[in-house]
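Comments concern the structure below.
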Amino acid sequence: MIFTHQDLDHIGSGAALVRQSGARVLAHPADAPYIEGELRPLKVTPQMLERRPQMREVLERLEPVRVDEYLEDGSRLDLAGGIRAIFTPGHLSLYLERPKVLVAGDALTAEGDHLNGPNPSATLEVGEATRSVSRLAELDVRTIVCYHGGVVGEDANGQLRRVIQELSRERDA
Ligand SMILES: [Zn+2]
């Protein structure tokens, strides 16, 4: 099991999944202290708990998960014809080399077959987001899998370039 990042909607069921599957857990070292319960997930701030008090209960039930193996930027897994890890600040994406599938996690979002940049409310800085998407656009991608929005198979490389242009315009506005 590979964690792309430490947001609650991506780590919440981790412990239960490990119990049921016995899966090994892989993550980037920067995310490990959050996944292992040493640090609170980054977006959980006193202000956030004020706004969404129901999150307190979610936090209380959040179980730590031990990370068995670190994935760094450029790490390669000998699975499914080769999987390359691409770390951009705060996020790990996965590139399946043989089918040219980019598992983008939350680095990108989609609506139907339309690719979008990362969710603005989840993005700390648009310049950084632009650089991150530019890294992903260096790959030859046939299919992009976004956690929020699903699978994009239509002109994946072209859509990545368009998203970079859109983010750059937003950054320079
Ligand atoms: Zn998410």
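The values are calculated or read from the model by the stated rules, or taken from the named source; none is laboratory data. Source: prediction; values computed, not measured. Glycine gets a Cβ as well: all are built from the backbone with ideal geometry, and neighbour counts include every protein chain shown. In case anyone asks, the SASA skips ligands and DNA or RNA and just uses the protein heavy atoms, side chains included. Shrake-Rupley method; radii C 1.70, N 1.55, O 1.52, S 1.80 Å.
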What are the pairs with Cβ atoms under 7 angstrom where one residue, in the stretch 145-156, is under 14 Å from THR109 (Cβ atoms) and the other, located anywhere, is within 16 Å of the ligand (Cβ to nearest atom) and open to solvent by 80 Å² or more (accessible area, probe 1.4 Å)? Sequence gap at least six, or different chains.
VAL145/VAL151; GLY149/GLU111
So if I check each of ARG66, ARG84, which one is touching a strand residue (DSSP E or B) at 6+ places or on another chain (Cβ under 6 Å), under 25 Å from ALA15 (Cα atoms), more than 15 Å from the ligand (Cβ to nearest atom) and open to solvent by 30 Å² or more (accessible area, probe 1.4 Å)?
ARG84
Does the stretch 116-129 contain at least one residue that is within 13 Å of the chain's Cα centre (by Cα) and open to solvent by 50 Å² or more (accessible area, probe 1.4 Å)?
yes
Pairs please, first residue from the stretch 10-36 and among the aromatic types (Phe, Trp, Tyr), second anywhere and open to solvent by 40 Å² or more (accessible area, probe 1.4 Å), Cβ atoms under 8 Å, 6+ apart in sequence or on different chains.
TYR34/ARG40; TYR34/LEU42
For GLU154, which of the numbered conditions (1) assigned to a loop (DSSP other than H, G, I, E, B); (2) over 21 Å from PHE87 (Cβ atoms); (3) out of contact with any Asp or Glu (no Cβ under 6 Å at 6 or more places or on another chain); (4) not aliphatic (A, V, I, L, M) fails to hold?
(3)
